[in-house]
Structure formats: C-alpha cells, structure tokens
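The values are calculated or read from the model by the stated rules, or taken from the named source; none is laboratory data. Treat the numbers as computed from the prediction; the structure is a model and nothing was measured. All Cβ positions, even for glycine, are placed from backbone atoms using ideal geometry, and neighbour counts span all protein chains on display. Ligands, DNA and RNA are stripped out before the accessible areas are found, and what is left, the full protein with its side chains, is counted by its heavy atoms. Shrake-Rupley method; radii C 1.70, N 1.55, O 1.52, S 1.80 Å.
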Amino acid sequence: MRLGVILDDETLLGAGRRSDPVELVVMRTTFLNPPRTSAAKRMAERVHERHRDAEVIPYAWHYLTHEASDGVVVGSNRSLALEPGSFGHLRGDGIAHAWEISRICAEAFGSTRVVIRTPPSFSPGGLSRRRFTDFVNALAPEHPRLVWEPEGLWSSAEAAAFAEPLGVEVLAPAFAMTGQLLEFEGAGWLRISGGKDARLRASHAEVLAYALAEHEGLTVLFEGPRAYANLRSFASALALV
C-alpha cells in the first residue's frame, strides 16, 4: 500500500515531516493554475526537500475536463481565451493546448502520471464514454499515464470497469460525507478527506485500516488542511492491523 497527500496549497507542505511515509504528493493547485516549467521544477524541489523519494503528480488543467457551465472560477490564475463550448469534457479547440500544458507540468515534476478530474456533468452516458475513449486512444505512448477522478453519478465499480481496458486507474473517495465507508470496488486509488473538521477520527482510521489491509496495490491519498495528521493516524492504525 502506498500513502500520499493531495495538496491544494503548497504551504501545506510545512505540516509534513521527513519521517512521514509519503510516496506521492499530488498537487491540486495545477487544476486551476499549472506552473510554467521552471516554477514546476522549483515546486518539485521543495517537495523533495520534505519527501526525498516521493513522486510529484499534477492535476490536469481544468480546461481539459470542465466546461464553462461547470462553475470553475479562474480568478487571477492562468487562463486561456476560449469561447464557451470550445473546451472541457475532453473535446473542443482547447483540448490539445490544455493537455500539453498538463503534460509539460508532469514532465517538469518528474512524474509519469497526471490526475484528471471530471465534473458531475461528465455523466456515465455514451457521449462521455466515447469522448474519454477517444482522448485516451489519441495519447502518445510516451505521454503520462492517467489517474481518473470521476465526480457525480459514476460508481467506483462502474468507472473502473470502463477505465481498466483503457489502461486508466480510478481515484475514488473512501468515505461519504456522512462518514460512512463507501464501496470502492475496482478503484486502485482512494481519497480520504476526514470529517467535518477535516480530522480523521481514530475510530475511522481503524475501520479504514481493517477494510484496506488485505487490498494489495492500493494507493491511499489524504487531502485537506489535516492531510498529514490524518495520514499519520491511518499509518499508525495500519501498523496495528
């Protein structure tokens, strides 16, 4: 089992310790604001100062997956001058540019993967499946591998059954907002958010550790302002199983 963190803000690295069992650091900042090559290399260097051997993985730029109606607020972040309807849902005039920026970011990070998050509007219907399949099949063999985080109506099992033949791994939430452990059949990557206060309770960490202990090859990622503390709680619970 590999453990890692998802960071929305690079400053959260300050909560990490060199002794933390972190093998992956996923930078969600790149979803809104992918850094240029030199800045991305510096970001990876700062991660490796804290976690020497961790793989640093970017989220794909939102123009690749999210349409104008999906509510992404660009703000002062990096942007493209594109008309609504010409980007998102893995199609449109902006797809090649958005993917190239994401690919360059992964390369600068030294990563072999990119996480793509699709919005709820990217439903499990035939059109979405066709666009996803066409996008994956068009990727060059040397391009980064995809880890897919579907939002909305996709179940973990349904997403995995669709993505596995394409060589794409699935990232799924481990807990519902109610704190209930979800079914994650087929997902090779799990995302742990913590409770309402972003804290993973010791009881939840224990339940999760017992549920996951026999699943080989899982990647478990912790997100939110208490990502590192939650990772440590889980690692401690896992050691007792």
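Observations, loosely collected:
- Boolean, residue 134 is part of a helix (DSSP H, G or I) and out of contact with any Phe, Trp or Tyr (no Cβ under 7 Å at 6 or more places or on another chain): yes
- Residue tally, condition open to solvent by 80 Å² or more (accessible area, probe 1.4 Å) and more than 18 Å from the chain's Cα centre (by Cα), over segment 12-52: 10
- Condition check for residue 227: over 19 Å from residue 47 (Cα atoms) and either in contact with a helix residue (DSSP H, G or I) (Cβ under 6 Å, 6 or more places away or on another chain) or not charged (D, E, K, R) (or both): no
- Within segment 53-71, one or more residues are closer than 30 Å to residue 234 by Cα and open to solvent by 30 Å² or more (accessible area, probe 1.4 Å).
- Set 198, 205, 229, 239: member being open to solvent by 50 Å² or more (accessible area, probe 1.4 Å) and out of contact with any Leu (no Cβ under 7 Å at 6 or more places or on another chain): 239
- Restricting segment 115-132 to residues that are of a type in the set (S, T, N, Q) and farther than 19 Å from residue 59 by Cα, the residue that is most open to solvent (accessible area, probe 1.4 Å): 123
- Entry remark, segment 97-114: residues being open to solvent by 30 Å² or more (accessible area, probe 1.4 Å) and part of a loop (DSSP other than H, G, I, E, B) number 2 in total.
Condition check ((1) more than 16 Å from the chain's Cα centre (by Cα); (2) of a type in the set (D, E, K, R); (3) not in a helix (DSSP H, G or I)) across all residues:
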position: 198; (1), (2), (3): yes, no, yes
position: 203; (1), (2), (3): yes, no, no
position: 216; (1), (2), (3): yes, yes, yes
position: 236; (1), (2), (3): yes, no, no
